[in-house]
Amino acid sequence: DYFSTLISVFATEPILKSSSDFGKPALGPKNNYLGLIVGFGNNQHFYKYGTMTGKPALSLSGGIYGKLSLGQSYSLKGEIDYEYTKGNRMEGVTTFHSVSVPLTLFTKITVQDMVEFSSGIGGYYTYHFAGKLKPNHLNTTTNIDFSTYNPHELGLLVELEMRTAMILFGVQWRLALTDVKINPLKNEISHINGFNIRIGYVF
């Protein structure tokens, strides 16, 4: 009986308005927010000369991020992440522990005040503070020599994101502009490309 009456009201009432007891959904997208984010994917070492390209290797990350609205259609996102990356290089397998600071400018649209889609471009700075090298055909590992390997990495990034309620999903592509080595030989000139799938939580 209740639903029969309710359907009749919905069908015959010319205008339906919410009462003062209800407002916008509490889980709709916020304009400014903080959150936690994790990522997993791979990276490849590309050499400038010759045809050598390292095989994809594991990349993991996790950290905090904040997103600041710049009006209805734009937003700015910054992060501080810890990153663990492996790399397949001509001299062996490298492992880096790093702190990364990406900054991305997004253009965004919101659908029915519930789902936010964003695409953006930006840049990042990564500081490699520790690492290991396992030379080819050897079972031993040595500490990365940061007088030879560049501890500073700068690059460009592209991101796509979707946020619904308190969960964020995204993908990120990175292109390093700095070389992996300091003063490399011609055949050692290389940079890193990366791809990551990302999942975040909004506070």
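The values are calculated or read from the model by the stated rules, or taken from the named source; none is laboratory data. Not measured: the values here are computed from a predicted model. Glycine gets a Cβ as well: all are built from the backbone with ideal geometry, and neighbour counts include every protein chain shown. Accessible surface is based on the protein model in full, side chains and every heavy atom, while ligands, DNA and RNA are left aside. Shrake-Rupley method; radii C 1.70, N 1.55, O 1.52, S 1.80 Å.
Roughly how many whole Å is it from the C-alpha centroid of region 107-128 to that of region 157-189? If you average the Cα positions of each part, the centres end up 14 Å apart. Using +1 at the Cβ of each Lys and Arg and -1 at the Cβ of each Asp and Glu in the chain, identify which of W173, L138, G39 lies farthest towards the dipole's positive end. Comparing the listed Cα positions along the dipole, L138 ranks first. Across the chain, how many lysine pairs, 8 or more apart or on two chains, come within less than 28 Å at their alpha-carbon atoms? Close lysine pairs found across the chain: 29.
Ranking G92, A57, G123 by how far each Cα lies toward the positive end of the dipole of region 53-145 (charges on Cβ) leaves G92 at the top. If you roll a 1.4 angstrom probe over the protein chains with everything in place, what fraction of the accessible area of the chain belongs to carbon and sulfur, to the nearest %? So the carbon and sulfur contribution to the accessible surface is 65 percent. Dipole check for the chain: with +1 at the C-beta of Lys and Arg, -1 at the C-beta of Asp and Glu, and the Cα centre as origin, the magnitude is about 540 Debye.
Remark: accessible surface ordering of V9, V202 (largest first) is V9, V202, probe radius 1.4 Å. Computed over protein heavy atoms with a 1.4 Å probe, the accessible surface of the chain works out to 59 Å² per residue. Ordering H45, H137, H97, H152 by accessible surface, largest first, gives H137, H152, H97, H45; the 1.4 Å probe counts only protein heavy atoms, with every chain in place. In this simple spin-label model, placing a label point 7 Å from the Cα along the Cα-to-Cβ direction at both I199 and A130 gives a separation of 2.6 nm. Residues within the reach of a label modelled at L16 (point 7 angstrom out along Cα to beta-carbon, backbone nitrogen below 19 Å), restricted to region 85-126, are 112-114.
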